[in-house]
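Beneath this line is the structure, given in structure tokens, with notes to follow.
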Number of protein chains: 2
Amino acid sequence: MGQVRIGICAPSTPLYREEAEQLTALTNQSHPAAQLVFHDQCFAIEGHFAGKDDLRSSAFLSLANDPSVDAIWFARGGYGAARIADDILTQLGPAAQGKHYMGYSDGGNLLGALYKAGIGTQAHGPMPVDMRRDGGMVAVQRGLDWLVHWDKQALEPHAEAGQKYAAFNLMTLAMMVGTPLLPDLEGHVLMIEEIAEYLYAFDRALFNVTTYLADKGLEGIRLGRVSEVPENNRPFGEEAEDIVQRLCDRYAIPYLGRADIGHDVENKVVPFGTIPT
Amino acid sequence: MGQVRIGICAPSTPLYREEAEQLTALTNQSHPAAQLVFHDQCFAIEGHFAGKDDLRSSAFLSLANDPSVDAIWFARGGYGAARIADDILTQLGPAAQGKHYMGYSDGGNLLGALYKAGIGTQAHGPMPVDMRRDGGMVAVQRGLDWLVHWDKQALEPHAEAGQKYAAFNLMTLAMMVGTPLLPDLEGHVLMIEEIAEYLYAFDRALFNVTTYLADKGLEGIRLGRVSEVPENNRPFGEEAEDIVQRLCDRYAIPYLGRADIGHDVENKVVPFGTIPT
């Protein structure tokens, strides 16, 4: 088996250089077939972002348009991918087509836009930044298992061959509604997860998403983990799963149960589109 | 001049009964022509909400469909108005047409939906709950000046006769994008304000809104106050007005300057639609 070259850039927020060095060393041990290509832009800092929009866009393009790179791995989420997505889409060449793109959280903006444009293949899955979590290398290695070996053990366990899927952070998805970044989700099982939002804000975002998707032929919704919910001044009165079930009922969208995704080390891989048999 | 009966209900979250009593006493002094009709539903508590969806909806309908009531004043924001808007719209009768509807924050969902449906007239302006603020009775009295006397001193100072306006809390508006609640804003000056959101979340929400409105013939955007911005782990790198100017430039939407609205006692009244000469 040949080398798999994985280009890593940061469409949203930065990594530390030491993290890249540590991850490269660990990957050389665990996945010797992988060659991590960290773009220097991963370490750029411009306020909230890993460099200005132009820099983040050009870094993504240089890796995506490089025929020697097999996959693009988003370093980290945060916020910023939406701001460069349209610029990127107009400048991707033939070499971008054959690649696999993986990330989650804010990276969903690019996953969705690339999926909609039919450029490459995409997966919602762990990112290098997950190494910061307690036991986070388990998540990062799961990501590598997928990117390097297409290891089906890395897949979200409900993902079935022949069915279409998409997965998003809920707030990210809500902010894609009404914009050209949102792909057609007809026939898809949609998996969502959330972190650090009040339950009223979770309800509000899912109200937006389900109202929009009500008549779009969704196959159903699965709920990943909803973590680090802040305490409000009074209890919301429902749990996250109750909210999802109620809104699915309201809009006649099948609620299919839980999904094994979230902002955590257990986050499994959800490829976009039809799972191959 | 006859009495002006103002029906008060809570489409989102509740008031305390003592607040209603205090506001009634103060209004009897300051605005003797006003008769405040607090619906009991204002004081209902169901988790986050002022009663279940059905109760909030039926309270609104009973006041809006009452021919003896001249105006509907939303008691308070929070979250919840979007959940009852479609139920309300299908059950409003002729008596709802001649009324004026006022509130802000989460109430924007109903203002927008009523404006879109052409039912009554609407204004983004102070609510009874503003009495909780330091010096908040100034805001409440401004609201009464508008509801009782149509006092032009209460108006946002940039509002010009013959121009169309709409005003929203930004996050509320972002969550209306892609849903049937959002009115057509062609030819309108849109005023926005925000509270208690990180600047990256402000950027994200405005990115959603301006991307959607880019080709919708907006006359321009004015920025109200952006208050209680939480400290993030690193500075965003731009102030709120820079964000608005950048996104307006990006989408060729005229940025028209500041607006005198916000979650504060200075919040001025912005009627929806064309300001009469």
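The values are calculated or read from the model by the stated rules, or taken from the named source; none is laboratory data. No experiment lies behind these values; they were computed from the predicted model shown. Every residue, glycine as well, gets a Cβ built from its backbone with ideal geometry; the counts of neighbours run over all protein chains shown. For accessibility, only protein heavy atoms count, side chains too; no ligands or nucleic acids. Shrake-Rupley method; radii C 1.70, N 1.55, O 1.52, S 1.80 Å.
Any residue that is outside any strand (DSSP E or B), within 18 Å of the chain's Cα centre (by Cα) and crowded, with 23+ Cβ neighbours inside 10 Å - is there at least one of those in segment A:239-259? Yes, that holds for at least one residue. Just one of the listed residues (A:150, A:146, A:73) is more than 17 Å from residue A:10 (Cβ to Cβ) and touching a residue at least 40 places away in the same chain (Cβ under 8 Å), and it is A:146. Residues in segment A:192-207 that are within 20 Å of the chain's Cα centre (by Cα) and within 8 Å of chain B (Cβ to nearest Cβ): A:205 alone. Considering only segment A:106-119, I want to know if a residue exists there that is in contact with an Asp or Glu (Cβ under 9 Å, 6 or more places away or on another chain), at pLDDT below 95 and not charged (D, E, K, R). So far as segment A:106-119 goes, no, none of its residues is in contact with an Asp or Glu (Cβ under 9 Å, 6 or more places away or on another chain), at pLDDT below 95 and not charged (D, E, K, R). Just one of the listed residues (A:46, A:21) is surrounded by fewer than 23 Cβ atoms within 10 Å (Cβ to Cβ), within 14 Å of another protein chain (Cβ to nearest Cβ), free of Cβ contacts under 8 Å to residues at least 12 places away in the same chain and more than 25 Å from residue A:261 (Cβ to Cβ), namely A:46. For residues that are within 13 Å of chain B (Cβ to nearest Cβ) and at negative phi, tally how many sit in segment A:233-256. Residues meeting the conditions: 13.
If we scan segment B:215-232, do we find a residue that is within 14 Å of chain A (Cβ to nearest Cβ), out of contact with any Leu (no Cβ under 9 Å at 6 or more places or on another chain) and among the hydrophobic types (A, V, I, L, M, F, W, C)? So far as segment B:215-232 goes, no, none of its residues is within 14 Å of chain A (Cβ to nearest Cβ), out of contact with any Leu (no Cβ under 9 Å at 6 or more places or on another chain) and among the hydrophobic types (A, V, I, L, M, F, W, C). Consider segment B:55-70 and keep the residues that are touching a residue at least 24 places away in the same chain (Cβ under 8 Å) and among the aliphatic types (A, V, I, L, M). The one that is surrounded by the fewest Cβ atoms within 10 Å (Cβ to Cβ) is B:61.
I want to confirm something. Restricting to segment B:75-130 and keeping residues that are open to solvent by less than 10 Å² (accessible area, probe 1.4 Å) and among the charged types (D, E, K, R), which single residue is nearest to the other protein chains (Cβ to nearest Cβ)? Step by step, filter segment B:75-130, then rank; the result is B:106.
Restricting attention to segment A:187-198, the residues that are of a type in the set (Asp, Glu), in a strand (DSSP E or B) and open to solvent by 20 Å² or more (accessible area, probe 1.4 Å) total 0.
Elements of the type helices (runs of 4 or more DSSP H) sitting completely within segment A:1-106 and holding at least 2 residues that are within 25 Å of residue A:180 (Cβ to Cβ) and touching a Cys at 6+ places or on another chain (Cβ under 6 Å): these cover A:53-64.
Within segment B:148-181, the set of residues being open to solvent by 30 Å² or more (accessible area, probe 1.4 Å), more than 14 Å from chain A (Cβ to nearest Cβ) and assigned to a loop (DSSP other than H, G, I, E, B) comprises B:150, B:151, B:157, B:158, B:160, B:161, B:162, B:163. Only one entry of A:203, A:184, A:215, A:145 meets the criterion of being open to solvent by 30 Å² or more (accessible area, probe 1.4 Å), over 15 Å from residue A:264 (Cβ atoms), of a type outside the set (Lys, Arg) and outside any loop (DSSP other than H, G, I, E, B), and that entry is A:145.
Selection of segment A:28-41 for residues being free of Cβ contacts under 8 Å to residues at least 60 places away in the same chain and either out of contact with any Ser or Thr (no Cβ under 6 Å at 6 or more places or on another chain) or not assigned by TED's automatic domain parsing to the domain that holds residue A:96 (or both) yields A:28, A:29, A:32, A:35, A:37, A:38, A:39, A:40, A:41. Checked against the criteria, residue A:265 does not count as in a loop (DSSP other than H, G, I, E, B) and within 14 Å of another protein chain (Cβ to nearest Cβ).
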